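Heads up, the thing below is written out as structure tokens.
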Amino acid sequence: MCLAIPGEIIEITGGDPLTRMARVSFGGVVREASLAYVPEAKPGDYVLVHAGFALQTIDEEEARRTLELIAQLGGAEEEGAP
Amino acid sequence: MKHLDEYRDSGRARALAAEIARAMTRPWRIMEICGGQTHAILRFGIGELLPPGLELVHGPGCPVCVTPLELIDRAIELAQTSGVVLASFGDMLRVPGSKTDLLAARARGAQVAMVYSPLEAVRLAVQKQDRQIVFFAVGFETTVPGVALAVREARQLGLRNFSILSAHVLVPPALRAILGSPQSRIQGVLAAGHVCTVEGYEDYEPIAAEFGVPVVVTGFEPVDLLQGILLCVRQLEQGRAEVENQYARAVRREGNREAKALVREMFEPVDRKWRGIGVIPSSGLALRPAWREFDAEARFALSTGAVEEPSECISGLVLQGAKKPYECAAFATRCTPERPLGAPMVSSEGACAAYYRYGRHHA
């Protein structure tokens, strides 16, 4: 139930901060989500969506750092399906 | 999909698994809290990648599983009440109460609507002004902000036909109860990423210190889980017990300030009974008095008695990581997803359902 999926904000609709909504694309599947809890989010940002609410904006810099740390272990060059 | 595929990459997963093996000098036992993590571990076969001395035990992070029978019975009672529609996440519909489940009750005429978001339940209340809409608010810290906003919206819209039956539960008090149990065998903890997305991880710092157990905030994809395990193993090997954040792309130390502020304004901690575990002090959330008009337990006269668990179900031990699902005599025989004895066999986050679905019928 704590499932939350990252998706890209395509378009923002709705007025005041607590009713701000967005169309969010999850790999091409577009759904509506509330942006009430991510007031700074803008189109092109990735947000983590749970039960119709964006809970956080994905921090691109932190994402890059995490993958870099793993790359330093070696062996990460063999890309492929799980 | 960006921010998903990178964390399902087999090369990265193997590199992390090899590093875990290199880091380990002795066996360790680590609990992942969230049922979503349990399912990912089984679905992606993470156990097979790990060195033999590393045991993963599964935690209580399945809100559907820990919702007490009494509350499910009350939800069914509401759905059977004339003029009431019970709105619920789909996950809850097949979870057995003491006599029946919501889906079976619906087949016999009870009014049950499945919703994806609490906001849909508010929309339902707008559409059906002649009905009372009760949202069955089940979930951990992750789900509460959405419910808070739904209740707030209901007040803004002046809706007198919307309320919630709160079954909300909190992770830190449950983690304390599990680590504080004399039977606890847990040496390290992977904290649930999305719970911490909302609440942050400051609350885990005193827990790590008090119980001497490293806590690593961890995501849900295979690479996240393996990196979380690696960070935890390194702490264990070095004799450290700190809170670390593997899931930094989605979790800040302070969590989501806006969400926390609204949740604290509207909800207060209450003692809550956890199915199979018992009452844990201050482990649930209920609406504060200023919002009580939206509390279904205040609006409707509901049964209050306690109900006994089916004696054969060992879900309490499974939810505390004390037993694996296949150690239950009823597993996959008298208890299956089609005919469950307990909630962990039904829920998409339940450990028993994960072991059943991915064919782990033995060690």
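The numbers here are math on the coordinates, done by the rules we state, and not lab data. Note that the coordinates shown come from a computational prediction; the quantities given were computed from them, not determined experimentally. Glycine also receives a Cβ, built like all others from the backbone with ideal geometry; neighbour counts cover every protein chain displayed.
When the scattering of the protein assembly as shown is computed by the Debye formula from its Cα atoms alone, each counted once and equally, what is log10 I(q)/I(0) at q = 0.06 Å⁻¹?
Each listed q maps to, in turn, -0.24.
If you filter the stretch B:97-206 for chymotrypsin sites (Phe, Trp or Tyr not before Pro), then keep DSSP loop positions with at most 16 other Cβ within 10 Å, what is left?
Hits after loop and neighbour filter: B:TYR116.
For chain B, set up a GNM with springs between Cα atoms under 10 Å and report which of B:ALA209, B:ALA259, B:ALA17 has the largest fluctuation.
For chain B, modelled as a Gaussian network with Cα springs under 10 Å, the answer is B:ALA209.
With θ set to phi - 60° and the Karplus curve 6.51 cos²θ - 1.76 cosθ + 1.60, what are the ³J(HN,Hα) couplings of the stretch B:74-86 in order, to the nearest whole Hz, using x for Gly and Pro?
Once θ is set to phi - 60°, the couplings for the stretch B:74-86 become 5, 4, 5, 4, 5, 4, 8, 7, 4, x, 10, 10, 8 Hz.
On average, how much area does the Cα convex hull of the stretch B:315-357 cover when viewed from any direction, in nm²?
Mean projected area for the stretch B:315-357: 2.5 nm², to one decimal.
At 0.36 nm per residue, minus the direct Cα-Cα distance, what do B:GLU254 and B:ARG288 gain on full extension? Give it in nm, one decimal, please.
Working it through step by step, the gained length comes to 9.9 nm.
DSSP loop (so not H, G, I, E, B), at most 13 other Cβ within 10 Å: list which GluC sites (Glu not before Pro) in the stretch B:281-363 pass both filters.
Sparse-neighbourhood loop GluC sites (Glu not before Pro): B:GLU308, B:GLU312, B:GLU338.
Taking the Cα centre of the stretch A:5-71 as the origin and placing charges on Cβ (Lys, Arg +1; Asp, Glu -1), which of A:GLY27, A:VAL38, A:LEU69 is farthest toward the positive end of the dipole?
A:GLY27
Treating only the Cβ of Lys, Arg, Asp and Glu as charged (+1, +1, -1, -1), what charge dipole size does the protein assembly as shown show about its Cα centre? Round to the nearest 20 debye.
1080
In the protein assembly as shown, what percentage of the DSSP-assigned beta bridges are antiparallel, given to the nearest 5?
45
What is the calculated FRET efficiency for B:SER82 to B:TYR116, with r their C-beta to C-beta distance and R₀ = 22 Å, to the nearest 0.05?
My answer for the efficiency is 0.25.
Residue by residue, what Karplus-based ³J(HN,Hα) values in Hz, rounded to whole numbers, does the stretch B:36-41 have, using 6.51, -1.76 and 1.60 with θ = phi - 60° and x for Gly and Pro?
x, 5, 4, 5, 5, 4
Give the residue from B:LEU287, B:HIS194, B:CYS352 lying farthest towards the positive end of the charge dipole for chain B; charges sit on Cβ (+1 for Lys and Arg, -1 for Asp and Glu) and the dipole is referred to the Cα centre.
About the Cα centre, the residue reaching furthest to the positive side is B:CYS352.
Expected output is a single nm value to one decimal: the length gained when fully extending between B:VAL279 and B:LEU103, i.e. 0.36 nm times separation in residues minus the C-alpha distance. What is it?
60.7 nm
Taking chain A as the reference, fit the longest principal axis to its C-alpha atoms, fit the long axis of helix A:60-71 to the helix C-alpha atoms, and give the angle between the two in degrees, 0 to 90, nearest 10.
20
Just to be sure I follow the rule: in chain B, considering lysines 8 or more places apart or on different chains, how many pairs have Cα atoms under 29 Å apart?
Taking chain B as the scope, the lysine pair count is 7.
At B:ALA329 and B:GLU268, where each label point lies 7 Å from the Cα along Cα→Cβ, what is the point-to-point distance in nanometres?
4.6
Amide H of B:MET31 versus every other amide H placed in the peptide plane: which residues, excluding those fewer than 5 positions away on the same chain, fall under 5 Å?
Amide H to amide H, under 5 Å and 5 or more residues apart or across chains, B:MET31 pairs with B:VAL57, B:GLN187, B:GLY188, B:VAL189, B:LEU190.
Note down the magnitude of the dipole of the stretch B:81-213 about its Cα centre, charges +1 on Lys and Arg C-beta and -1 on Asp and Glu C-beta and zero elsewhere, to the nearest 20 debye.
780
How about the stretch B:155-203: which trypsin sites (Lys or Arg not before Pro) there are in a DSSP loop, with at most 16 other Cβ atoms within 10 Å of their Cβ?
Here the trypsin sites (Lys or Arg not before Pro) that fit, given the DSSP loop and packing criteria, are B:ARG160, B:ARG185.
What per residue convex hull volume, in Å³, comes out for the stretch A:1-76 when only alpha-carbon positions are used?
105
Under 5 Å between amide hydrogens, which residues at least 5 positions from B:GLU244 or on another chain qualify, with H placed 1.01 Å from N in the peptide plane?
Amide H to amide H, under 5 Å and 5 or more residues apart or across chains, B:GLU244 pairs with B:VAL215, B:VAL216, B:VAL217.
Hey, in the GNM for chain A with a 10 angstrom Cα cutoff, which one of A:THR13, A:THR66, A:THR57 fluctuates hardest?
Greatest mean-square fluctuation among the candidates belongs to A:THR66.
So, in nm, how far is label B:ARG339 from label B:ARG357 when the simple model puts each one 7 Å beyond its Cα toward the Cβ?
Result for the modelled spin labels: 2.2 nm.
Taking chain B as the reference, fit the longest principal axis to its C-alpha atoms, fit the long axis of helix B:144-156 to the helix C-alpha atoms, and give the angle between the two in degrees, 0 to 90, nearest 10.
20
Starting from the coordinates of the alpha-carbon atoms of the stretch B:138-242, obtain the Kirkwood hydrodynamic radius over all distinct pairs and give the value in Å to one decimal.
Across the stretch B:138-242, the inverse of the average 1/r is 15.6 Å.
From the backbone phi of the stretch B:125-136, what are the Karplus-calculated ³J(HN,Hα) couplings (6.51 cos²θ - 1.76 cosθ + 1.60, θ = phi - 60°) in whole Hz, Gly and Pro given as x?
Taking θ as phi minus 60°, the curve returns 5, 5, 6, 10, 5, 8, 10, 8, 9, 10, 8, 7 Hz for the stretch B:125-136.
For the stretch A:5-71, give the magnitude of the charge dipole about the Cα centre (Cβ charges: +1 Lys/Arg, -1 Asp/Glu; no others), in debye to the nearest 20.
Charge dipole, the stretch A:5-71, about its Cα centre: 200 debye, nearest 20.
Mind checking the angle between helix B:10-23 and chain B's longest principal axis? C-alpha axes, 0 to 90 degrees, to the nearest 10.
60
Of all the C-alpha pairs in the stretch B:19-119, what % are more than 21 Å from each other?
Cα-Cα pairs in the stretch B:19-119 separated by more than 21 Å: 51 percent.
GNM on chain B, C-alpha springs below 10 Å: top fluctuator among B:ALA154, B:ALA301, B:ALA104?
Greatest mean-square fluctuation among the candidates belongs to B:ALA301.
Mean shadow of chain B, computed from the convex hull of its alpha carbons, in nm²?
17.9
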